[in-house]
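**Student:** Have a look at this one.
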């Protein structure tokens, strides 16, 4: 049986190889080099040129006709370089060493190649196709591979559909003339390293994909106009790890003239016509007015958070007021609409006959008024987030007519008393009915208003949906300062983590607005939020599920566990020094993003190992960010209920009159950084030998490292034997020095998180730190 199986395996592999090739044949031949002895290589020949490690392959493809280099071991055999040819094309190497391959226009792409008696076509392991001094890396198509040279004045990419260009490794351009992404975003791109780092001008780090250094990465300009970095999984599929344009609707050309791009299904662009417009054809490429109008017979429809491109024919004026901006458009017969901002900067933009590259996003802070016929009955479905409808039922009271004759005072008094009693009774009954129905009406009105908001924000789940997804909240993953976390599975089989918040007393509109801001925070090292629930008193957030759990489970030993008894606790891999360093750098970048790069300044308030989750490749993801904005504000400032976890709180939290700033997060990160190095809780470290009430962990660590010169005393004893001075000293030294600066008692002495990240990366020099002390207690001698 064993010989039979060993014989069948190569046959099955060969059959699979025929199945996935672009031109299947029973006579497929694999070549390591192509020389004049095998010439010519015709379009119809079943040949493949493969790299020595068989990661890449090159050959003719039929749809469309081309000669391409592609990833041989990926599931869809992704093309990374190609040249258009005709079905009559062939590669010819003459006996004198002259080579030719004509593209679809008849040009020989090897015309500049040197002529040699040893001319051969080779596919290298880095994916470059080489013929003497000619290489495909000098003329990339839509992809840059790892360590491929990128020249600021010569390297350009073009998407497979020809609509988008990445010019000089700097600007993303639509149709060669409309720039929508450039150096103001991240700077020019200079290199994609083999370990997943995307490097910009001056060696600045744009993005990084931690994990296996052997994974294949590529930088590709996709057909939707976005520039992305992909990493090849072991299964053969690709994983997107970075994209240049976060709001995909801002890519120009996504939708046609007069159309509006609206993000749906987790930022996937969808094109819609504005009110008063319709699609021109079944392909839904462009929108046209339903009813034409003359200048006087028109009106404006308001579109909140909608902006169009400031293209040719657009007038940028400085109006005196909103009415002035509106009047200028109204008197201009070619004005199709105008944009205005209600923030006092007198921004007024008038569009000519056609509206181009429209998109919806709260980041625009812009209101657009489109011009339609006065008879148009369409209403705008792009309404604001804070407009709520409160329903009140008025009660009409009809008074009886007075008697025609009033002969006595008693009769008049009786009529007055009767009328007053009737009015009082009706008023009391109306008020009681109002109180009993108000909550129901208000919930219905708010739900109605929120459900019909424009798409693009996080998905809104009902309480019943999340209750079913979590099996009635039965699978508890953990609990923290902001509530409990449950594991669940959505109907589309996505596994999620549902955080059930506590002490959230905001209204639904305010909660939705805050959650929208949190959901727009996208960073490689932040946990992604997919949706929320706001139903009566229930407030829940839906996150991506990170299966490896939190950092503390890998960093700390459970209490009471013996060093040599591996049966007392489930086995978890020990984190080596390189992984610990990458975790520290990733967390620092995430917090720096929250403090300095996102649209609104965010203070985390509870940085600790339990709020740092690890993916399967130990890429760190910070959780619970932005939740301090949703919590009861009194909880954040009252001395009896300070924000944070004991052992990680900055001293200013417990000092009366001290203003809490982002430097409180810097202190908490410094404590976590020391725990990453030591592998023990800061309040449990060497607790058996350190019994003094004056013992302060950062101060003790400083003295061990910088006074006693015994750095080994603070290192994790479980991996101390793996500490190599040549390989790990620089990493650990940067982590310890950075931690000491973060743990300075006075907030003004601590660096910003942006500088902390650079200190860990080694891009700035770290001065010798001062001894950390609690500033209001002084330095205990």
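**Student:** Which of the residues belonging to the stretch 735-769 are outside any loop (DSSP other than H, G, I, E, B) and more than 17 Å from residue 591 (Cβ to Cβ)? Explain how you work it out, then say what you get.
**Tutor:** Going through the stretch 735-769, the residues outside any loop (DSSP other than H, G, I, E, B) turn out to be 735-742, 747-749, 753-761.
Passing the criteria: 736, 737, 740, 748, 749.
**Student:** Scan the stretch 143-163 and give yes if some residue there is in a strand (DSSP E or B), free of Cβ contacts under 8 Å to residues at least 60 places away in the same chain and in contact with a strand residue (DSSP E or B) (Cβ under 7 Å, 6 or more places away or on another chain), otherwise no. Before you say what the answer is, go through the steps one by one.
**Tutor:** First, the residues of the stretch 143-163 that are in a strand (DSSP E or B): 143-145, 157-158.
With free of Cβ contacts under 8 Å to residues at least 60 places away in the same chain added as a condition, the list becomes none.
No, there is no match, as no residue in the stretch 143-163 is in a strand (DSSP E or B), free of Cβ contacts under 8 Å to residues at least 60 places away in the same chain and in contact with a strand residue (DSSP E or B) (Cβ under 7 Å, 6 or more places away or on another chain).
**Student:** Going by what's in this entry, would residue 173 be described as part of a strand (DSSP E or B), over 24 Å from residue 590 (Cβ atoms) and in the same structural domain as residue 117 (by TED's automatic domain parsing)? Even if it seems obvious, please write down each step before you answer.
**Tutor:** Details: part of a strand (DSSP E or B): yes; over 24 Å from residue 590 (Cβ atoms): yes; in the same structural domain as residue 117 (by TED's automatic domain parsing): no.
Against the criterion (part of a strand (DSSP E or B), over 24 Å from residue 590 (Cβ atoms) and in the same structural domain as residue 117 (by TED's automatic domain parsing)), residue 173 does not qualify.
**Student:** Of all residues being surrounded by 15 or more Cβ atoms within 10 Å (Cβ to Cβ) and more than 24 Å from the chain's Cα centre (by Cα) in the stretch 133-146, which is farthest from residue 98 (Cα to Cα)? Just the residue, please. Can you show your working first?
**Tutor:** Start the filter on the stretch 133-146 by keeping residues that are surrounded by 15 or more Cβ atoms within 10 Å (Cβ to Cβ), which leaves 134-137, 140-146.
The next check asks that each one be more than 24 Å from the chain's Cα centre (by Cα); those that pass are 134-137, 140-141.
Values: 134: 12, 135: 15, 136: 17, 137: 20, 140: 23, 141: 24 Å.
Only one residue tops the list, namely 141.
**Student:** Could I ask something else about it? Across the stretch 44-78, what is the total count of residues that are in a strand (DSSP E or B), surrounded by fewer than 20 Cβ atoms within 10 Å (Cβ to Cβ) and in contact (Cβ under 8 Å) with a residue 60 or more places away in the chain?
**Tutor:** The qualifying residues number 1.
**Student:** Tally time: how many residues in the stretch 256-292 are within 28 Å of the chain's Cα centre (by Cα), in contact (Cβ under 8 Å) with a residue 40 or more places away in the chain and part of a strand (DSSP E or B)?
**Tutor:** Counting residues in the stretch 256-292 that are within 28 Å of the chain's Cα centre (by Cα), in contact (Cβ under 8 Å) with a residue 40 or more places away in the chain and part of a strand (DSSP E or B) gives 7.
**Student:** Out of the stretch 738-759, which residues are buried (at least 19 other Cβ atoms within 10 Å of the Cβ) and farther than 17 Å from residue 595 by Cα?
**Tutor:** Once the filter is applied, which keeps residues that are buried (at least 19 other Cβ atoms within 10 Å of the Cβ) and farther than 17 Å from residue 595 by Cα, the stretch 738-759 yields 738, 739, 740, 741, 743, 744, 745.
**Student:** Collect the residues in the stretch 466-502 that are touching a helix residue (DSSP H, G or I) at 6+ places or on another chain (Cβ under 6 Å) and either modelled with pLDDT under 85 or more than 22 Å from residue 611 (Cα to Cα) (or both), keeping them in residue-number order.
**Tutor:** 482, 490
**Student:** Output the number of the condition that residue 86 fails; it satisfies all remaining conditions of (1) more than 30 Å from residue 213 (Cβ to Cβ); (2) in contact with a helix residue (DSSP H, G or I) (Cβ under 8 Å, 6 or more places away or on another chain).
**Tutor:** That leaves (2) as the condition not met.
**Student:** Looking only at residues that are in a loop (DSSP other than H, G, I, E, B) and either under 16 Å from residue 749 (Cα atoms) or touching a strand residue (DSSP E or B) at 6+ places or on another chain (Cβ under 6 Å) (or both) in the stretch 655-685, which one is modelled with the lowest pLDDT?
**Tutor:** Taking the stretch 655-685 and keeping what is in a loop (DSSP other than H, G, I, E, B), we get 655-662, 679-685.
Filter once more, so that each one left must be either under 16 Å from residue 749 (Cα atoms) or touching a strand residue (DSSP E or B) at 6+ places or on another chain (Cβ under 6 Å) (or both): 658-662.
Values: 658: 72, 659: 78, 660: 81, 661: 85, 662: 87.
So the residue we want is 658.
**Student:** Hey, among the residues in the stretch 293-306 that are crowded, with 17+ Cβ neighbours inside 10 Å and within 33 Å of the chain's Cα centre (by Cα), which one's farthest from residue 372 (Cα to Cα)?
**Tutor:** Looking at residues that are crowded, with 17+ Cβ neighbours inside 10 Å and within 33 Å of the chain's Cα centre (by Cα), I get 305.
**Student:** Related question: Residues in the stretch 105-136 that are on the phi > 0 side of the Ramachandran plot and out of contact with any strand residue (DSSP E or B) (no Cβ under 6 Å at 6 or more places or on another chain): how many?
**Tutor:** The initial filter retains those residues of the stretch 105-136 that are on the phi > 0 side of the Ramachandran plot, namely 106, 127, 132.
Okay, now just the ones that are also out of contact with any strand residue (DSSP E or B) (no Cβ under 6 Å at 6 or more places or on another chain), so 106, 132.
Qualifying residue count for the region: 2.
**Student:** Next question. Restricting the search to the stretch 486-503, which residues are on the phi > 0 side of the Ramachandran plot and surrounded by 14 or more Cβ atoms within 10 Å (Cβ to Cβ)? Let's see the steps before the verdict.
**Tutor:** Keep residues of the stretch 486-503 that are on the phi > 0 side of the Ramachandran plot, which gives 493, 503.
Selection gives 503 alone.
**Student:** Continuing with this model, one more query. List the number of the failed condition for residue 280; all other conditions in (1) under 30 Å from residue 762 (Cα atoms); (2) at pLDDT below 90 hold.
**Tutor:** It fails just one condition, (1).
**Student:** May I pose another question? Could you list, in sequence order, all residues of the stretch 316-359 that are in contact with a helix residue (DSSP H, G or I) (Cβ under 7 Å, 6 or more places away or on another chain) and either surrounded by fewer than 14 Cβ atoms within 10 Å (Cβ to Cβ) or farther than 26 Å from residue 263 by Cβ (or both)?
**Tutor:** Answer for the stretch 316-359, where residues must be in contact with a helix residue (DSSP H, G or I) (Cβ under 7 Å, 6 or more places away or on another chain) and either surrounded by fewer than 14 Cβ atoms within 10 Å (Cβ to Cβ) or farther than 26 Å from residue 263 by Cβ (or both): 317, 319, 335, 348, 350.
**Student:** Also, I was wondering about something else. Take residue 375 and decide whether it is at pLDDT below 70 and part of a loop (DSSP other than H, G, I, E, B). Steps first, please.
**Tutor:** Working: at pLDDT below 70: no; part of a loop (DSSP other than H, G, I, E, B): yes.
Judged against the criteria, residue 375 is not a match.
**Student:** Scan the stretch 692-706 for residues that are farther than 17 Å from residue 679 by Cα and at pLDDT 85 or above and report the count.
**Tutor:** Within the stretch 692-706, residues that are farther than 17 Å from residue 679 by Cα and at pLDDT 85 or above number 2.
**Student:** Grab the helices (runs of 4 or more DSSP H) fully contained in the stretch 541-638, keeping just those with 3 or more residues being at pLDDT 80 or above and closer than 23 Å to residue 233 by Cα.
**Tutor:** Details: elements: 552-555, 577-592, 633-637.
Output list reads 577-592.
**Student:** Tell me the residue from 295, 253, 225 that is under 30 Å from residue 194 (Cβ atoms) and not in a strand (DSSP E or B), please. Let's see the steps before the verdict.
**Tutor:** Numbers: 295 fails: under 30 Å from residue 194 (Cβ atoms); 253 fails: under 30 Å from residue 194 (Cβ atoms).
Of 295, 253, 225, the one residue that is under 30 Å from residue 194 (Cβ atoms) and not in a strand (DSSP E or B) is 225.
**Student:** Ok, one more. Name every residue in the stretch 93-104 that is in contact with a strand residue (DSSP E or B) (Cβ under 8 Å, 6 or more places away or on another chain) and surrounded by fewer than 17 Cβ atoms within 10 Å (Cβ to Cβ), in order of residue number. Before you say what the answer is, go through the steps one by one.
**Tutor:** Filtering the stretch 93-104 for residues in contact with a strand residue (DSSP E or B) (Cβ under 8 Å, 6 or more places away or on another chain) gives 93, 99-104.
Across the stretch 93-104, the qualifying residues are 103, 104.
The values are calculated or read from the model by the stated rules, or taken from the named source; none is laboratory data. Since the model is a prediction, treat every value here as computed from it, not as a measurement. Neighbour counts are summed over all protein chains in view; Cβ atoms, including those assigned to glycine, are modelled from backbone coordinates with ideal geometry.
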